[in-house]
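All remarks here apply to the structure that follows.
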Amino acid sequence: MRLALALISALLCSTAQADPGFPLSEADKQIRAGKILIAREHPDVLKNVFRNDGFGGAGSKVIANSMLSTSPAHIKAAREAMVVERHGTGMWLIRFPYVNAALIETRHGLVLFDTGYAAIGPVLADVIPTLSPKPLTHIIVSHIHVDHAFGWPALKAKWPKAKTVTSDLFPAMAAKEVRLGGIIGRKNNQPLELQPTSIDRLPKPDILFRDELSLKIDGETFELRHAPGETEEQIWMGLPSRRAIFTADYYQGFLPNAGNGKRILRHIDEWAAAFRDMVATKPAHLLPMHSAAIDNESEIARTLTLNADAFDHVSNQVVARLNAGERRDAIAASLDWPERFAKAPELDPQYNRPEDLARMVALRWTGWWDDIPSHFAAMPFEAEAKEALRLAGGLDTVDLRARELLTSDTKLAARLADWAYYGAPGDPKALQLTIDVYLARMAEKDMPLQEATVYLDQAAKARAELEALRRVH
């Protein structure tokens, strides 16, 4: 129970900042309150939810989902968990909970690839001088995400002359990050109070490039390549003189987070092409921003090619089936996923599923309509849910059937639980069914983290509503 409560406390942790952040909705407050109740009552389920919490590395009960915090506790947690690894000549992979940064020593200075989340910046500012007395001359930021870009202010304060390098799309993506901060924070399980409402906390580029840049630093060529992946502006880097690549969020050590149903469009075709371009450089060192480094040329080629093949397989299959007239939901639900991919540890679906990638591909190449005729006209789900309950003969019938389905078809049980929750709002039986069904779903041993957090939020909201009703009565 202590572990579960600690995880939930970390999720709810926030630190005051000058930036006012975004206001919490009533639903946000309910989810926060409900998570505390569920942590107390169902600690084993929550341990299952967070079993893949580290995103390819170590997790942290303190840092968890407060990656924008620079509180002393967060900085201390990042510092204590940090591991510094040397790979090749003059290259370090600095590993933290959830994410890595890479440091390269040149003849007269240092180059940093990625800056981590907010608490990592002050730690890097302290640890870099212990690795080399040379000044930091360049800060390369791969993309805008919170775990890669927000350590930048502390580094720039320490080395004000360091040049910041990004894709030329970075400023536009930074503007989007601020404009959509409320939805990004909510969908990414980040405290809304800490979400930036201006670009002041985001990296300010000194060097921008389009597509590719051969950056000469102290006689060495740093090859920067833009390839849309998790974001439009994402970049990776090659260092031919040391046979090294720095892979940002392309390689993750598990099935990459390319099917994220909560975030902006991911670019699976370009992502696959980036994997193949990396292999073509014949690297002997792969330093990733998630998961462990690989220092073997044949293993790097095998792993990256496997990832590329898997992405191409999903993309080609989805497009072919769309062209054949199949519906998007049917394609994702019956996606062919060969044993070669299913048994590969490098493609473990611990964060999202192969079918999530299929849905992302379909989203990119089709409109919002899902080919169900009635869905073309906008209608709140509550209206459908209420009618479904009426047709079923009432909430009691739906509740009974959903509980029967928990032993045979949990996906369908969850659909019925949604009918109950949205069709009979505030009904104690509907709330309890929602809690029970989504607790069962979270406990499934193959449940990816991203999907589990969706179910946790829904169960928590229902649990808070049920608690409020009990207090009234």
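In segment 209-229, how many residues are touching a Pro at 6+ places or on another chain (Cβ under 8 Å) and either among the charged types (D, E, K, R) or closer than 12 Å to VAL165 by Cα (or both)?
Summing the residues that are touching a Pro at 6+ places or on another chain (Cβ under 8 Å) and either among the charged types (D, E, K, R) or closer than 12 Å to VAL165 by Cα (or both) in segment 209-229 gives 1.
Residue under question is ALA119, and the condition is that it be surrounded by 19 or more Cβ atoms within 10 Å (Cβ to Cβ) and modelled with pLDDT under 90; does it hold?
no
Does any residue of segment 287-295 turn out to be touching a Phe, Trp or Tyr at 6+ places or on another chain (Cβ under 6 Å) and outside any loop (DSSP other than H, G, I, E, B)?
Residues of segment 287-295 touching a Phe, Trp or Tyr at 6+ places or on another chain (Cβ under 6 Å): 287-288, 290.
Restricting the remaining residues to those that are outside any loop (DSSP other than H, G, I, E, B) gives 287.
Scanning segment 287-295 turns up at least one residue that is touching a Phe, Trp or Tyr at 6+ places or on another chain (Cβ under 6 Å) and outside any loop (DSSP other than H, G, I, E, B).
Kindly indicate whether any position in segment 133-148 is touching a strand residue (DSSP E or B) at 6+ places or on another chain (Cβ under 6 Å), modelled with pLDDT of 95 or more and surrounded by fewer than 21 Cβ atoms within 10 Å (Cβ to Cβ).
Yes, the conditions are met somewhere in segment 133-148.
Could you tell me which numbered condition ARG266 fails, if it satisfies all but one of (1) surrounded by fewer than 22 Cβ atoms within 10 Å (Cβ to Cβ); (2) outside any helix (DSSP H, G or I); (3) in contact (Cβ under 8 Å) with a residue 40 or more places away in the chain?
(1)
Somewhere in segment 189-211, is a residue in contact with a strand residue (DSSP E or B) (Cβ under 6 Å, 6 or more places away or on another chain), in a loop (DSSP other than H, G, I, E, B) and among the hydroxyl-bearing types (Ser, Thr, Tyr)?
The answer is no; no qualifying residue exists.
If I filter segment 21-35 down to residues being in contact with a Lys or Arg (Cβ under 9 Å, 6 or more places away or on another chain) and over 28 Å from LEU255 (Cβ atoms), which single residue comes out as surrounded by the most Cβ atoms within 10 Å (Cβ to Cβ)?
GLY34
So which helices (runs of 4 or more DSSP H) are wholly in segment 402-473 and hold at least 3 residues that are among the basic types (Lys, Arg)?
449-472
Does segment 57-90 hold any residues that are in contact with a Pro (Cβ under 9 Å, 6 or more places away or on another chain) and on the phi > 0 side of the Ramachandran plot, and which are they?
Passing the criteria: only ALA64.
Taking the criterion of being in contact with a Leu (Cβ under 7 Å, 6 or more places away or on another chain), aliphatic (A, V, I, L, M) and not in a loop (DSSP other than H, G, I, E, B), would at least one residue in segment 222-230 satisfy it?
Scanning segment 222-230, I find at least one residue that is in contact with a Leu (Cβ under 7 Å, 6 or more places away or on another chain), aliphatic (A, V, I, L, M) and not in a loop (DSSP other than H, G, I, E, B), so the answer is yes.
Residues are listed down the side, and each one gets a yes or a no for (1) within 23 Å of GLY54 (Cβ to Cβ); (2) touching a residue at least 12 places away in the same chain (Cβ under 8 Å); (3) buried (at least 18 other Cβ atoms within 10 Å of the Cβ); (4) out of contact with any Gly (no Cβ under 8 Å at 6 or more places or on another chain):
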position	(1), (2), (3), (4)
PRO425	no, yes, no, yes
ALA430	no, yes, yes, no
ASP446	yes, yes, no, yes
ASP457	yes, yes, yes, yes
LEU466	no, yes, yes, yes
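Is at least one residue of segment 461-473 among the β-branched types (Val, Ile, Thr) and under 22 Å from ARG401 (Cβ atoms)?
No; the residues of segment 461-473 include none that is among the β-branched types (Val, Ile, Thr) and under 22 Å from ARG401 (Cβ atoms).
Considering SER25, SER14, SER9, SER60, which residue is at pLDDT below 95, touching a Leu at 6+ places or on another chain (Cβ under 7 Å) and among the polar types (S, T, N, Q)?
Every option except SER14 fails the conditions.
Checking the conditions here, which among GLY54, GLY88 is surrounded by 15 or more Cβ atoms within 10 Å (Cβ to Cβ), in contact with a strand residue (DSSP E or B) (Cβ under 6 Å, 6 or more places away or on another chain) and at pLDDT below 95?
Result of the check over GLY54, GLY88: GLY88.
When segment 336-361 is examined, which residues are found to be within 20 Å of the chain's Cα centre (by Cα) and assigned to a helix (DSSP H, G or I)?
PRO345, GLU346, LEU347, PRO354, GLU355, ASP356, LEU357, ALA358, ARG359, MET360, VAL361
Being farther than 23 Å from HIS290 by Cβ and β-branched (Val, Ile, Thr) is the filter; apply it to segment 123-172 and report the residue that is nearest to the chain's Cα centre (by Cα).
Going through the qualifying residues, I end up with THR137.
I'd like the full set of residues that are farther than 21 Å from LEU215 by Cβ and either touching an Asp or Glu at 6+ places or on another chain (Cβ under 6 Å) or not in a loop (DSSP other than H, G, I, E, B) (or both), limited to segment 126-173.
Within segment 126-173, ASP126, VAL127, PRO129, THR130, LEU131, VAL146, ASP147, PRO153, ALA154, ALA157, LYS158, ALA172 qualify.
Identify, please: which residue in segment 95-110 is of a type in the set (Val, Ile, Thr) and in contact with an Asp or Glu (Cβ under 8 Å, 6 or more places away or on another chain) and is, among those, nearest to TRP152 (Cα to Cα)?
VAL99
The values are calculated or read from the model by the stated rules, or taken from the named source; none is laboratory data. What you see is a predicted model; the values in this text were computed from it and never measured. Counting neighbours? That spans all protein chains shown, and the Cβs are built from the backbone with ideal geometry, glycine included.
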